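Chemist: This structure is in structure tokens; I'll ask about it shortly.
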Amino acid sequence: MFNKRNSSRATATTPRKAGSAGRPGTTGRGSAGSSSTRRSVLLGSGLVVALIAVIAGWALLTGQSGTGGSTASGGSGGTVIQANGGHWTNITPDTLAATLPAKDFTLLNVKTPYMGEIAGTDLYIPYNRLAARAAELPKDKSAKITVYCRSGNESAIAAQTLIDLGYTNIDNLDGGMAAWTASGRQLVQLNRT
């Protein structure tokens, strides 16, 4: 005699995993922990997104850009980038071109690998070798050094390295050689290593 009652009993005796919360194939502890972990991850992700939105909004409202910290107008006609232990000034190709005729600074190409340079460049030292070749840099830590690379990324790293080495008067060509050539200026090719 088979009826609903027997059918219920057969199901009730089906083995379940230990600690299940009444659902076959699940454990109460695992699902509660998993749910808590998911909530924590979602909350953390939401906070990160909110923080990024606040920073981006602040930068847009104040008309500032850059990733090196707070910025302000610099004395070289550029944008001062705050960095760890100091700052550098991002300058435009026009600003650099205007200073080249009466050059009173060291012009430093840090692009790796070498792919040409701006006429008047004094040194070629790859950005990732700057600390190792520091003896080639000016001895005076207050001497003005202008760094550049292809796009501005490696030269920003080089600018921070120069700060770490104690230099205090650093300009960085914003946009690098790409911005230089986009402004209608040329690069020269020398045999540099």
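For every residue, the table says whether it meets (1) more than 21 Å from Thr92 (Cα to Cα); (2) surrounded by fewer than 22 Cβ atoms within 10 Å (Cβ to Cβ); (3) modelled with pLDDT of 95 or more; (4) under 25 Å from the mean Cα position of the chain (by Cα).
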{"site": "Phe105", "(1), (2), (3), (4)": "no, yes, yes, no"}
{"site": "Gly120", "(1), (2), (3), (4)": "no, yes, yes, no"}
{"site": "Pro138", "(1), (2), (3), (4)": "yes, yes, yes, no"}
{"site": "Val147", "(1), (2), (3), (4)": "no, no, yes, yes"}
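Chemist: Does the range 116-154 hold any residues that are in a helix (DSSP H, G or I) and under 19 Å from Gln189 (Cα atoms), and which are they?
Modeler: Once the filter is applied, which keeps residues that are in a helix (DSSP H, G or I) and under 19 Å from Gln189 (Cα atoms), the range 116-154 yields only Tyr127.
The values are calculated or read from the model by the stated rules, or taken from the named source; none is laboratory data. Predicted, not measured: the structure shown is a model, and the values here were computed from it. Please note: Cβ atoms are built from the backbone with ideal geometry, for glycine as well, and neighbour counts cover all protein chains shown.
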